[in-house]
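Colleague: Input: one structure, supplied below.
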Amino acid sequence: MAAKLKKGDKVVVIAGRDLNLEGEIIRVDPKAGKAVVEGVNRQLRHTKPRGGTQGGRIPRDMPIDLSNLALVDPAKGGPTRVGFRMEDGKKVRFAKKSGAKIDG
């Protein structure tokens, strides 16, 4: 199945503790169905100092389920679903809310 959300996409959280927060996808794990979004689902991790790095309580962005994310519509803003269509013999993603092409 084609990926509806990819690295670099701007998304909004539609469910959970971080509702309505926006950020950019840093990493996607399609096998687990999760993605790491910048500034979303931030938790403190206690780390030891190692190799010249300082230890302490360091905030990290943790994975969030893909079902709790929606793409931000490039034309209208706000959450939208993602569809696929063929243009010039190439499969491209588009926003279902406005019909705007996302990539390609």
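Colleague: Per q in 0.12, 0.14, 0.17, 0.18 1/Å, what log10 I(q)/I(0) does a Debye calculation on the alpha-carbon atoms of the chain return?
Modeller: Relative scattering, expressed as log10 I(q)/I(0), comes to -0.47, -0.60, -0.79, -0.86.
Colleague: Please compute the Cα-Cα pair-distance distribution of the stretch 19-74 with 10 Å bins starting at 0, giving whole percents from short to long.
Modeller: 22, 41, 26, 11, 1
Colleague: Here's something else I'd like to know. Want the number for R50 to K96: 0.36 nm per residue separation, take away the alpha-carbon distance, what's left?
Modeller: Length gained between R50 and K96: 11.8 nm.
Colleague: Leaving out ligands and nucleic acids, and using a 1.4 Å probe, what accessible area per residue does the chain come to in Å²?
Modeller: 68 Å²
Colleague: Here's a follow-up. Between F84 and R17, what length comes free when the chain is fully extended (0.36 nm per residue of separation minus the Cα-Cα distance, one decimal in nm)?
Modeller: Full extension of this stretch gives 21.1 nm more.
Colleague: Give the residue list of trypsin sites (Lys or Arg not before Pro) in the stretch 61-104 that are DSSP loop and have at most 13 other beta-carbon atoms within 10 angstrom.
Modeller: Those satisfying the criteria are K76, R81, K96.
Colleague: Could you please state how large a percent of the accessible area of the chain is carbon and sulfur, counting protein chains only and using a 1.4 Å probe? Don't skip to the end; give the middle numbers.
Modeller: On the way: 3560 of 7040 Å².
Of all accessible area on the chain, carbon and sulfur atoms account for 51 percent.
Colleague: State, as an integer percentage, the relative contact order of the chain based on alpha-carbon contacts under 8 Å between residues 6 or more apart. Don't skip to the answer; put the middle values down first.
Modeller: Working: 198 pairs, mean separation 21.2, N = 104.
Computed over the chain, the figure is 20 percent.
The values are calculated or read from the model by the stated rules, or taken from the named source; none is laboratory data. Please read all numbers here as calculations on a predicted model, not as lab measurements. A quick note on method: Cβ atoms are made from the backbone with ideal geometry, for glycine too, and the neighbour counts reach across all protein chains shown. Accessible surface is based on the protein model in full, side chains and every heavy atom, while ligands, DNA and RNA are left aside. Shrake-Rupley method; radii C 1.70, N 1.55, O 1.52, S 1.80 Å.
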